[in-house]
1. Hey, with R₀ at 22 Å, roughly what FRET efficiency would R173 and K244 work out to, going by the Cβ-Cβ distance, to 0.05?
2. Give me the number: length gained by fully extending D35 to N164, i.e. 0.36 nm times residue separation minus the C-alpha to C-alpha distance, one decimal in nm.
3. Compute the acute angle (0 to 90°) between the alpha-carbon long axis of helix 280-294 and the principal axis of greatest extent of the alpha-carbon atoms of the chain; round to the nearest 10°.
4. Quick one: if the Förster radius is 30 Å, what FRET efficiency do Q12 and R195 give, using the C-beta to C-beta distance and rounding to 0.05?
5. In cubic angstrom, how much convex hull volume per residue do the alpha carbon atoms of the stretch 3-294 span?
6. Efficiency by 1/(1 + (r/R0)^6): what FRET value for K26 and S110, r their Cβ-Cβ distance, R0 = 41 Å, to the nearest 0.05?
7. Arranged by the count of other C-beta atoms within 10 angstrom, fewest first, what order do D129, D107, D242 take?
8. Angle, helix 79-94 long axis vs. longest principal axis of the chain, Cα atoms, 0 to 90°, nearest 10?
Amino acid sequence: MSFADRLAEAVQTSGSVTCVGLDPRKSQLPATLRDSVSTDSPDAWAAAYTQFCTEIIDVVAGRVACVKPQAAFFEQLGPAGMVSLGQVISYARKVGLLVITDGKRNDIGSTATAYADAYLGTDSPWGSDSLTVSPYLGRDSLEPFVEVCDARDAGIFVLVKTSNPGGGLLQDRVCDGKTIYASVAELVSELNSTRIGKSGYGPVGAVVGATYPEQLAELRSAMPGAWILIPGFGAQGGSADDVKAGFDGSGLGAVVNSSRHIIFAHSRPEYKDKFGDVKWLDAVSAATDEMNAQLRF
Ligand SMILES: O=C(O)c1cc(=O)[nH]c(=O)n1[C@@H]1O[C@H](COP(=O)(O)O)[C@@H](O)[C@H]1O
């Protein structure tokens, strides 16, 4: 089954459009886990990251649409972190969760092929279901990813309008009468046009930040066949109202990512007293329920 159709199925069976971002940070791990790291070595932290992420996965499996491990936090630990990333991806897939690996990769076409082979599909050593990619190198840099998506029923999410305040410097620039992000959206639509599956969506998705609700509405109509990954919910200020426009009439077409507000929920003021560090997984569970409830339109 195509990635787009599997994502639609995951949303329907879990009854959730939540994507849990797995962004482990040493200083924010619950004290119970941080204290168990006996030596300050990459291997020891990598083991803690694996435990942290797999325990979160156990809590959210079946209750959310997908998870998104952010490669950067694993890369910080060097090779040991990359082993941990691999373990987290395969554990999530083993328990039936779709995985979006957040690597924001890309390069010239021949190297893009290597990235696509590396990260996507069941035969790759990483075995991710989908990957975030940058459009900056142009159409010929995206095509190798799309070919691998075709061959392996994988997906990609192209950065279209990012959630950060400075993204507009290039993305909002007007060129040939339209913004750069609108031009990227056109490319996404074009690459999807011959690949739309049963769910009404294709393998080429888009990243659009919750922090730009007006542009989200514009981009939803500009890319009717593209799944939209919406980061920026929660910790970056995006709300349920802000992401509403990302969905189609049947509640499909978008998944909303939250990382810090879910995985480090034990340190949010509203959960701190109730759960604290000891019951950090109960805090993850409560924050997941809260987000799911907010996004039930
Ligand atoms: O591609 C992404 O996921 C992404 C794109 C974007 O425009 N903004 C953005 O925040 N992200 C990622 O989404 C996650 C947001 O984390 P929180 O702000 O903690 O929810 C991080 O892993 C970011 O790297």
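A short reminder: the numbers here are calculations on the coordinates, not readings from a lab. All values derive from a computational prediction rather than experimental measurement. No Cβ is skipped: glycine too gets one built from the backbone with ideal geometry, and neighbour counts run over all protein chains shown.
1. The pair R173/K244 has a calculated efficiency of 0.20.
2. Stretched out fully, the D35 to N164 stretch lengthens by 43.1 nm.
3. Rounded to the nearest ten degrees, it is 30.
4. Once the sixth-power term is evaluated, E becomes 0.90.
5. Taking only Cα atoms, the stretch 3-294 has a hull volume of 121 Å³ per residue.
6. According to the calculation, E is roughly 0.65.
7. The fewest-first ordering by Cβ neighbours comes to D107, D242, D129.
8. The angle comes out near 80 degrees.
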